[in-house]
Amino acid sequence: MGVTFSMIKPDAFKQGLSGRILSDIEQSGFKIVKMRVVRMSRDQAMDFYNSLSHLPFYNDLCDYMSSGPIVALVLEADDAVKRFRDLIGATDPAMAMCGTIRSKYGISKGSNAIHGSDSDLSAEREVKFFDL
Ligand code: GTP
Ligand code: MG
């Protein structure tokens with residue numbers, strides 16, 4: 001059994017999409033192990049995404065991720081990291097496969113509804129980061 005970390009991002013939370021997204025996640029076979037609504041400070045967002053600090057959109061990303069509440073989630077399933085990335089789809093909702101969470105609920109490459117860990121190591125770091 002594997003574990004991954006996810007966040008329902010501020011755009012989706014604000015639009016009242018959390019319930020639908022959680023339902024999609026559960027119907028796809030993931031068990032919600034832990035869940036909490038939190039709002040990241042800008043400093044926390046900068047820390048969470050520190051590996052992207054060299055990229056041109058880093059400032060916008062940190063503004064956006066600290067702009068409102070998120071739902072932080074620890075999810076369990078076989079091969080959780082890869083299966084969850086498949087479920088959320090490509091970073092840009094316009095490029096995400098039909099039926100994926102980002103294709104259904106994302107607005108733009110910046111406001112793309114949901115986060116999923118990209119490796120087991122990232123999942124471990126991200127779960128610890130939120131102290132879930
Ligand atoms: P996460 O699951 O959120 O980590 O997304 P990802 O792994 O698909 O993408 P990546 O880690 O490369 O980027 C992190 C986040 O930065 C993305 O989910 C987007 O919200 C944002 N982002 C990525 N590329 C762009 C971009 O070109 N412009 C803007 N504004 N935001 C971007
Ligand atoms: Mg990423």
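The values are calculated or read from the model by the stated rules, or taken from the named source; none is laboratory data. Keep in mind the model is a prediction, meaning the values are calculated, not measured. Neighbour counts run over all protein chains shown; Cβ positions are idealised from the backbone, glycine included. When the accessible area is computed, the model is the full protein with side chains, heavy atoms only, and any ligands, DNA or RNA have been set aside. Shrake-Rupley method; radii C 1.70, N 1.55, O 1.52, S 1.80 Å.
Here are the numbers for this structure:
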{"quantity": "Test: residue in segment 11-21 that is closer than 17 Å to Leu132 by Cα and either within 16 Å of ligand 2 (Cβ to nearest atom) or of a type in the set (A, V, I, L, M, F, W, C) (or both)", "calculated": "no"}
{"quantity": "Subset tally (residues that are free of Cβ contacts under 8 Å to residues at least 24 places away in the same chain and either part of a loop (DSSP other than H, G, I, E, B) or on the phi > 0 side of the Ramachandran plot (or both)) for segment 55-98", "calculated": "12"}
{"quantity": "Met35, sole failed condition from (1) more than 15 Å from Ile114 (Cα to Cα); (2) touching a residue at least 12 places away in the same chain (Cβ under 8 Å)", "calculated": "(1)"}
{"quantity": "Residue that is under 24 Å from Met46 (Cβ atoms), open to solvent by 20 Å² or more (accessible area, probe 1.4 Å), without any contact (Cβ under 8 Å) to a residue 12 or more places away in the chain and aliphatic (A, V, I, L, M), where the choices are Leu121, Leu132", "calculated": "Leu121"}
{"quantity": "Single condition Ile21 does not satisfy, out of (1) touching a residue at least 24 places away in the same chain (Cβ under 8 Å); (2) open to solvent by 20 Å² or more (accessible area, probe 1.4 Å); (3) not aromatic (Phe, Trp, Tyr)", "calculated": "(2)"}
{"quantity": "Test: residue in segment 26-41 that is out of contact with any strand residue (DSSP E or B) (no Cβ under 9 Å at 6 or more places or on another chain) and closer than 14 Å to Phe129 by Cβ", "calculated": "yes"}
{"quantity": "Residues located in segment 30-73, provided they are small (Gly, Ala, Ser), away from ligand 2 (no atom under 16 Å from the Cβ) and loosely packed, with under 13 Cβ neighbours inside 10 Å", "calculated": "Ser41"}
{"quantity": "Within segment 119-132, tally of residues that are among the charged types (D, E, K, R) and away from ligand 2 (no atom under 15 Å from the Cβ)", "calculated": "2"}
{"quantity": "Every residue from segment 100-129 that is assigned to a helix (DSSP H, G or I), of a type outside the set (D, E, K, R) and either more than 14 Å from the chain's Cα centre (by Cα) or more than 10 Å from ligand 1 (Cβ to nearest atom) (or both)", "calculated": "Ile101, Ser103, Tyr105, Leu121, Ala123, Val127, Phe129"}
{"quantity": "Subset of segment 77-118 that is more than 24 Å from Lys14 (Cβ to Cβ) and open to solvent by less than 40 Å² (accessible area, probe 1.4 Å) - its residue that is nearest to ligand 2 (Cβ to nearest atom)", "calculated": "Val81"}
